[in-house]
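Single-structure report; data block below.
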Amino acid sequence: MSWALKVDGLGRVYGDQDPRSLPGTGPEHGTSVSPATGAVVAAWDVAFEVAPGEALGIVGESGSGKSTVMRCVAGDERPSRGSAYLRGYDDGRTDVLALDDGARRRLRVDRVSVVYQDPAYGLDLDTSAGGNIAERLTAAGGRHFGRIRERAAELLELTEVPLSRMDDPVRTFSGGMRQRVQIAKALANRPPVLLLDEPTTGLDASVAAGVLDLLRNLLERLGVAAVVVSHDFGVIEMLTRRVMVMQHGRVVETGLTDQLLEDPQHPYSQRLVAAARG
Ligand SMILES: Nc1ncnc2c1ncn2[C@@H]1O[C@H](COP(=O)(O)OP(=O)(O)OP(=O)(O)O)[C@@H](O)[C@H]1O
């Protein structure tokens, strides 16, 4: 099946953009910091495609560059180089990373949604659960109060948030429940692409397991193309079919998640898998 999201040659360097910043960085050098300029090569030469209904994992330890890739694709920051295409935008002909800020923000209304580790990034905590979802629906042109309310209720039901809490400020919700509301809001306008950045990190184990279960069901049912960033192979195993392993800003291995967990080739992947298996 054809891709919903395609990323090519993505790179992000913090600091001096001079080409001299690249040599001496990457896994074989054990660092992403340039010895010549001190710049951080947070991500380099990252490429992938995700099909509708498919989930791709990006796994790596803290500082490996996975969140940088996510932030660049989401439009939270500008890459140093590379391009990204959405099938749902201009039929995949326009590099969305090159769009101006306003156009990029509009993509976030109904083409690409993000679920952040911290619900405070995706939600207004002082607004009710229903109000948060309504805000996203209104941004996409929703005007009819009754229909907005109905859709918000449907989304809360989908994410297993009690409807009795619909009008309560999100601040009064538990961590797991906040995350469910964030997921509901992200799905509000049926975006074809969903980016999940450490969606269960920071939650208690049993709560995290519930949110993971929910996400797995939703990804299976909704046909969305998902990218899941996590340091935890357990999360990647649960949610994704394919995975990319990142270390010091570079992709060191890609493959089917099951196979990579079974038989990791790169020493770094072997280490991550061993850690996940405890
Ligand atoms: N705004 C910034 N300015 C300078 N360096 C940065 C900035 N953001 C990230 N970095 C550096 O880029 C590298 C990759 O960071 P990134 O956040 O992508 O890693 P990560 O794998 O997602 O880790 P984490 O899970 O801790 O976020 C790190 O060395 C980080 O210190």
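Numbers for the structure displayed
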| item | result |
| --- | --- |
| Selection count, region 33-48, where residues are open to solvent by less than 30 Å² (accessible area, probe 1.4 Å) and outside any loop (DSSP other than H, G, I, E, B) | 5 |
| Failed condition for residue 75, given (1) within 16 Å of the ligand (Cβ to nearest atom); (2) modelled with pLDDT of 95 or more; (3) within 20 Å of residue 224 (Cα to Cα) | (2) |
| All positions within region 176-212 that are open to solvent by 20 Å² or more (accessible area, probe 1.4 Å), of a type in the set (S, T, N, Q) and closer than 24 Å to residue 61 by Cα | 201, 206 |
| Exclusive hit being more than 30 Å from residue 224 (Cβ to Cβ), in contact with a Gly (Cβ under 6 Å, 6 or more places away or on another chain) and in the same structural domain as residue 228 (by TED's automatic domain parsing), set 21, 32 | 32 |
| Some residue of region 229-243 being in contact (Cβ under 8 Å) with a residue 40 or more places away in the chain, open to solvent by 20 Å² or more (accessible area, probe 1.4 Å) and in a strand (DSSP E or B) | yes |
| Check on residue 49, touching a residue at least 40 places away in the same chain (Cβ under 8 Å) and either among the polar types (S, T, N, Q) or within 12 Å of the ligand (Cβ to nearest atom) (or both) | no |
| Subset of region 188-228 [away from the ligand (no atom under 16 Å from the Cβ), closer than 26 Å to residue 111 by Cβ, outside any loop (DSSP other than H, G, I, E, B) and among the charged types (D, E, K, R)] | 216, 220, 221 |
| Residue count, region 90-126 (criterion: polar (S, T, N, Q) and either touching a Gly at 6+ places or on another chain (Cβ under 8 Å) or modelled with pLDDT under 95 (or both)) | 1 |
| Residues of region 12-32 classified as surrounded by fewer than 21 Cβ atoms within 10 Å (Cβ to Cβ) and either within 22 Å of the chain's Cα centre (by Cα) or assigned to a strand (DSSP E or B) (or both), total | 3 |
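A quick yes/no check of all residues on (1) out of contact with any Cys (no Cβ under 7 Å at 6 or more places or on another chain); (2) within 16 Å of the ligand (Cβ to nearest atom); (3) closer than 30 Å to residue 264 by Cβ; (4) modelled with pLDDT of 95 or more:
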site: 32; (1), (2), (3), (4): yes, yes, yes, yes
site: 35; (1), (2), (3), (4): yes, yes, yes, yes
site: 40; (1), (2), (3), (4): yes, yes, yes, yes
site: 66; (1), (2), (3), (4): yes, yes, yes, yes
site: 69; (1), (2), (3), (4): yes, yes, yes, yes
site: 88; (1), (2), (3), (4): yes, no, no, no
site: 128; (1), (2), (3), (4): yes, no, no, yes
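Listed here are the residues, each with its yes/no results for (1) assigned to a helix (DSSP H, G or I); (2) open to solvent by 70 Å² or more (accessible area, probe 1.4 Å).
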| residue | (1), (2) |
| --- | --- |
| 88 | no, no |
| 91 | yes, yes |
| 103 | yes, no |
| 107 | yes, no |
| 114 | no, no |
| 117 | no, yes |
| 121 | yes, yes |
| 124 | no, yes |
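The values are calculated or read from the model by the stated rules, or taken from the named source; none is laboratory data. Here the structure is a predicted model, which means the values were calculated and not measured. Methodologically, a virtual Cβ is constructed for each residue, glycine included, from the backbone with ideal geometry; neighbour enumeration extends over all protein chains shown. Accessible surface is based on the protein model in full, side chains and every heavy atom, while ligands, DNA and RNA are left aside. Shrake-Rupley method; radii C 1.70, N 1.55, O 1.52, S 1.80 Å.
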